[in-house]
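Okay, so here's the structure we're looking at.
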Amino acid sequence: MSSIYKRVLLKVSGEALAGPSHFGLDTAVVKEICENIKICVDMGVEVAIVVGGGNFWRGTRAGKDMERTRADHMGMLATVMNALALQDALQSLNVESRVQTAIEMRQIAEPYIRNRAVRHLEKGRVVIFGCGTGNPFFSTDTTAALRAAEINADVILLAKRIDGVYTGDPEVDPTATKIDNITYIDILNRGLGVMDSTATSLCMDNKIPIMVFGLDDPKNIVRVIEGEKIGTIIT
C-alpha cells in the first residue's frame, strides 16, 4: 500500500462519531475510524484532524434561543470532547497524538501553535485541532480550510454522511445525481452545501483540493489516501 499524499487534513464531523444513535460518542465507531487513521500513519502519511462537535451541540441551532457567541463557544467545547475521544482511541492503538486547542486550556491540551503542530506531524504524530478557529461565527469546515493552509496540507479529506457532492440534497431530492469532479467556483455559484462559502473560498484562494467522501465505511479514509476514485474531488 502506498499513499498519493504526504500530509493530509482530515475533517471529521461530530455526527460521524455518534454512530447510529446520532448523539454522543459511539466508542466502537471512534475506534474503527482511528484504526484506519493508524493504517495511514503506518504508510508514512502525516495526518492532522479537525473535528466537529455536532454530536453534542450545534451553535447555529441554539442561536435562536441563546446569544450566538455564547452558543458557538459551547460548540467549541464540544469539539474538545471529541478531540480527546479520538486521542484516547489512537493512544489505545499505540499511535502518538497531540490535541491542540484554539482556546487555551493547558491542563487538557496544548494551545494551537502552528510551528509546534508542524513539528509533531514531522515526527509522525497525529495532531487533532479542537475549538474550531477560536472565534464565533466560523464553522469547523472553515477551521479545516484554515489549518490546512497553515500546515501546508496536500489535501482536505472531508468525511461526510453522504458519499460525495450531488446536484441537490439526495436525502430530499431523489433526482439528485453524484458529481465526480467540480470546481470551487461551481460549488459557490450553484449553492451546493458541501462546505460553507467561507471555507470554500479559503480553499479556492489557497488552491487546496478537497476530497469529499462518505464515512459510513471508515475504510474509505485509506482508500482515498491510496488514490482510489471514490467521492468527489473539488479543485
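The values are calculated or read from the model by the stated rules, or taken from the named source; none is laboratory data. All of these numbers come straight from a predicted model, not from anything done at the bench. Here Cβ is always computed from backbone atoms with ideal geometry, including for glycine, and neighbour counts include all displayed protein chains.
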Residue check for Gln87: part of a helix (DSSP H, G or I) and either buried (at least 17 other Cβ atoms within 10 Å of the Cβ) or touching a Pro at 6+ places or on another chain (Cβ under 7 Å) (or both): yes
Pairs, first without any contact (Cβ under 8 Å) to a residue 40 or more places away in the chain and over 14 Å from Ile208 (Cα atoms) in the range 7-21, second among the aliphatic types (A, V, I, L, M) and surrounded by fewer than 24 Cβ atoms within 10 Å (Cβ to Cβ), C-beta under 9 Å, six or more apart: Ala18/Leu25; Ala18/Val29; Gly19/Leu25; Gly19/Ala28; Gly19/Val29; Gly19/Val30; Pro20/Val29
Single residue of the range 112-139 satisfying the filter (assigned to a strand (DSSP E or B) and touching an Asp or Glu at 6+ places or on another chain (Cβ under 9 Å)) that is nearest to Glu226 (Cα to Cα): Val126
Filtered residues of the range 140-165 (kept if of a type outside the set (A, V, I, L, M), modelled with pLDDT of 95 or more and part of a loop (DSSP other than H, G, I, E, B)): Asn152, Asp154
Among the candidates Asn115, Asn94, Asn135, Asn152, residue that is closer than 23 Å to Gly193 by Cα and surrounded by fewer than 16 Cβ atoms within 10 Å (Cβ to Cβ): Asn135
Filter result (touching a Leu at 6+ places or on another chain (Cβ under 7 Å), at pLDDT 95 or above and either basic (Lys, Arg) or in a helix (DSSP H, G or I) (or both)) within the range 18-36: Val29, Val30, Cys34, Glu35
